[in-house]
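The structure appears right after this line, and notes come after that.
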């Protein structure tokens, strides 16, 4: 039986790493043969190129073509294509932190309104030979809450995280994609407060279990 490909997406400061680790533990307890992947692969091969972009070494994101930025990430995905395909063919569950679903969100968020649809079509075309996710989960934190959480972290922001207008645009694209593309939204905030790690994990697990039981 072919394995399942599950992608965990999320706005910045949504607790994605924590939820990814909890989900991996839960899957392993359920007996899943698990392969975890993180994109970009920071510090490794094409992931290093993405790191250079995020640090501004190619220039400001606003001054670079969205297609160029997208290709940096896509090279990282395609480098891992065979590894993903082999794991799925062996019946393993592939759990990803970000994928081309991020490209459809972040890079489209950079584009002008009248260019968004054509960019989406182009990204889908270039990525069409990549394995398709069985489930895309989006951890959703409104921009005003996310900004407070990021400001409370003791670490340097990259050029995505430091741009509050861009963060709002990203949130808008995730909202659009959960509605139009069937991605599952996990609302992490209630009454202006971040839900507990356990409550968020419970929602994540419910979404994953439905896909695994099919």
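Every read-out reported here was derived from the displayed coordinates using simple, explicitly stated rules and does not represent laboratory data. Keep in mind that what you see is a predicted model, and the values were worked out from it rather than measured. With ideal geometry, Cβ positions are generated from the backbone for all residues, glycine too; neighbour counts draw on all protein chains shown.
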Task: Taking 147, 67, 62 and counting other C-beta atoms within 10 Å, the order from fewest to most - done: 62, 67, 147
- [ ] Order the peptides 107-115, 6-14 from the highest to the lowest mean number of other Cβ atoms within 10 Å of their residues.
- [x] 6-14, 107-115
Open item on the list: For 178, 103, 18, which order do you get if you count the other beta carbons within 10 Å of each Cβ and list the fewest first?
Closed with: 18, 178, 103
Open item on the list: Between 99, 78, 174, where does the largest GNM mean-square fluctuation fall for the chain, given springs only between Cα atoms within less than 10 Å?
Closed with: 78
Task: Max mean-square fluctuation residue, GNM over the chain, Cα-Cα springs under 10 Å, options 60, 120, 98 - done: 60
Open item on the list: Apply the a/c threshold of 1.5 to the C-alpha gyration tensor of the chain and tell me whether it is rounded, prolate or oblate.
Closed with: oblate
Task: For the chain, calculated [θ]222 nm from helices alone, where every DSSP H run of n ≥ 4 adds -39500 (n - 2.57) - done: -16000 deg cm²/dmol
TODO: Please give the FRET efficiency for residue 64 paired with residue 29, using the beta carbon to beta carbon distance and R0 = 35 Å, rounded to the nearest 0.05.
DONE: 0.20
